[in-house]
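Below: the structure, in structure tokens.
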Amino acid sequence: MSKENTNTPAASNSSSTWAYAPAPEDTKHIRLQKQYGLFINGAFVKPNSKKYFATSSPSTEEKIAEVAEANEKDVDAAVKAARNAYNKTWKKMPAKERAKYIFRIARLMQERARELAVIESIDGGKPIRESRDIDVPLAANHFFYYAGWADKLQYAFPGKNPQPLGVAAQIIPWNFPLLMAAWKIAPALAAGNTVVLKPAETSPLTALKLAEIIQDSGLPPGVVNIITGFGKTGAAMVQHPDVNKIAFTGSTDVGKIIQKTIAGSNKKITLELGGKAANIVFEDVPIDQAVEGIVNGIFFNQGHVCCAGSRLFVQEGIADELIRKLKDRMNTLIVGNPLDKNTDIGAINSKEQLDKISSYIKIGVNEGAEIFQSACVLPKKGYFCKPTLFLHTSQSHRIVQEEIFGPVLAVQTFRTIEEVIEKANNIPYGLSAGVWTDKGSKIFNMTSKLRAGVVWANTYNKFDPSSPFGGYKESGFGREGGLHGLMPYLQ
Ligand code: ADP
């Protein structure tokens, strides 16, 4: 793994006020197999398909490992294992015993936090600071949080006699591989269900490490099965007749396909889909703080967040000053080796995603918006993208309406509250929004009128296991996190 550390941010960021010495995270302690089977019924097994595919590092373009490609028979084996475990073990186990397993998984994740963080950054491209400080601790916290609810469901939903659904098929994307696995698995187990989970094809490794942790936790075989593959594998999971519940996070297009597939069946479903969040900054705000929040909202994590603040609305009176400060701040962002602790922006997750982002940048230019990109020099190898700003955009621009999923921010100005609410809501999505103002009353006014599942006030991208998360409109339905996150796994 030593070749990971070639793209030093110091070298890649000529415009910083000073160059930082490289501070790459050590990779010697991580343990990865060359080839991973499918985690079915408590063991890693060879796929019936006999097929494997490579997962590579987006920051070096080097192959890291091979993972199995599950076909329909493999999916069937995983669902059967989950059903068997549900009927014979998990459903019958006293809830307080189930809670202990969930708690143990959380503890083991904490013990291996550093290894998980490094693998997340190598496989997915996100900066180590983020995987170390956000993804992994939050993932463990989700297991802790839901372990606490497992034996208290009757208090969570008094008078309702909550019962599990059965087997949950869970399909997750590449932007928060381990965290999404935790979001899905922890509430499902706490509610008494068993699980078949498929991570995304470009970032499967931390889910497979989680499978090892689950094995070590002594969780009864079959309660959690983790299988790898592409969209076809996901489709087979959705179509499987013995699945009771589908939980999907990913693109709106695939979400729609899944909904059509299960129409007429009695499978329950939650969908967490795309977003195009408005980050709204009023004139009364401390500008420097807002600039930091804007940067955090869209540029950290390469804009690979469905709730990223990808549309910026600035009130006219402060627009010039804020944009000037934002450009200055963008010029100091360090783009480069995800394993370097100085890196602010890591690699784009895959070549396909980088191509998509680049095509949107061209679209923005062709639509007539004014482009600004930070002055950083990108590493020669790997998939990297400069933080990009589009000024003078309007509601009709595609870069304003469509989800780009990259470090690209479309800026508009506004004069009145009514105008900005109208513009912010005039979009097919409704996942999240941000409001920056000194006035509490303005915050409450805005939160009641913005059609978004989450509204952050004077902060952005803050998550907590006890807070529900989810969308309106084409951003999907159902909530994850908190008590709300248990409901979709119960009848
Ligand atoms: P993204 O654009 O975020 O990669 P996708 O919706 O393409 O989102 O992928 C999210 C997850 O859905 C991945 O695990 C992917 O393999 C899976 N997937 C893709 N197509 C399908 C499908 N037709 N049915 C079920 N799952 C699918």
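Laboratory data are not the source of any read-out in this text; all were calculated from the coordinates shown. Only a predicted model underlies this, so the values are computations on that prediction, with no experimental measurement involved. All Cβ positions, glycine included, derive from the backbone under ideal geometry; neighbour counts span all protein chains shown.
Which entries in 362/386; 232/351; 51/91 show an alpha-carbon gap greater than 24 Å?
51/91
Report, in debye and to the nearest 20, how large the dipole of the range 278-464 comes out about its Cα centre when Lys and Arg carry +1 and Asp and Glu carry -1 on their Cβ.
Here the range 278-464 has a charge dipole of around 480 debye.
Express in nm, to one decimal, how much length is gained between residue 491 and residue 439 on full extension, taking 0.36 nm for each residue of separation and deducting their alpha carbon distance.
14.6 nm
Toward the positive end of the charge dipole of the chain, about the Cα centre and with charges on Cβ (Lys, Arg +1; Asp, Glu -1), which of 165, 286, 454 goes farthest?
Checking the options against the dipole of the chain, the answer is 165.
Do the alpha carbons of any pairs in 63/209; 260/473; 276/462; 423/462 sit beyond 19 Å of each other, and which pairs?
Those over the limit are 423/462.
Along Cα→Cβ, 7 Å out, is where each label goes; now give me the distance between the ones at residue 395 and residue 114 in nm to one decimal.
Reported label-point gap for residue 395 and residue 114 is 5.3 nm.
Suppose we keep just the alpha-carbon trace of the chain; what are its Rg and Dmax in angstrom?
22.2, 65
Above 27 angstrom, tally the Cα pairs of the range 360-487 and express them as a % of all pairs, no decimals.
Summing the P(r) of the range 360-487 above 27 Å gives 31 percent of all pairs.
May I ask you to derive the FRET efficiency for residue 366 and residue 91 from their Cβ-Cβ distance with R0 = 56 Å, giving the value to the nearest 0.05?
Efficiency, from the Cβ-Cβ distance: 0.50.
For the modelled label position 7 Å from the Cα of residue 56 along Cα-to-Cβ, which residues of the range 194-229 have backbone nitrogen atoms closer than 16 Å?
Only 201-204 pass the distance filter.
Using the basic label-point model (7 angstrom from Cα toward the beta carbon), what is the residue 73 to residue 259 distance in nanometres?
Those two pseudo-labels are separated by 3.6 nm.
Aspartates and glutamates near residue 126 by alpha-carbon distance under 18 Å, same-chain residues fewer than 8 away left out - which ones?
Those aspartates and glutamates meeting the cut-off are 4, 25, 26, 61, 62, 115, 135, 201, 340, 344, 352, 355.
If you consider only alpha-carbon coordinates, what radius of gyration and Dmax does the range 291-383 have, in Å?
Looking at the range 291-383, its Cα Rg and Dmax stand at 13.9, 42 Å.
Using 0.36 nm per residue of separation minus the Cα-Cα distance, give me the extension gain between residue 402 and residue 160 in nm, one decimal.
Taking 0.36 nm per residue and subtracting the Cα distance, the gain is 83.0 nm.
Quick one: what does P(r) look like for the range 382-450 with 10 Å bins over all Cα pairs, in whole %?
Result returned by the calculation: 16, 47, 29, 7, 1.
Which of the aspartates and glutamates could be linked to residue 256 by a straight reach, that is with a Cα gap under 18 Å, when you skip same-chain ones fewer than 8 residues away?
In chain and number order, the partners are 272, 402, 403, 474.
So, in nm, how far is label residue 28 from label residue 462 when the simple model puts each one 7 Å beyond its Cα toward the Cβ?
In this crude spin-label approximation the distance works out to 4.0 nm.
Under a 5 Å amide H to amide H cut-off, with H placed in plane at 1.01 Å, what residues pair with residue 268 once short-range neighbours are removed?
Those lying under 5 Å, H to H, from residue 268 are 245, 246.
Where the centre of each part is set by its Cα atoms, how far does the range 23-93 sit from the range 204-237, in angstrom?
5
Would you work out the Kirkwood radius for the range 278-464? I mean one over the mean of 1/r across all pairs of different Cα atoms, in Å.
16.5
So if we plug the beta-carbon distance of residue 356 and residue 266 into 1/(1 + (r/R0)^6) with R0 = 41 Å, what FRET efficiency do we get, rounded to 0.05?
0.70
On full extension of the chain, what length is gained from residue 328 through residue 416, given 0.36 nm per residue of separation minus the C-alpha to C-alpha distance?
29.0 nm
What's the center-to-center distance, using Cα atoms, between the range 163-192 and the range 385-451 in Å?
30
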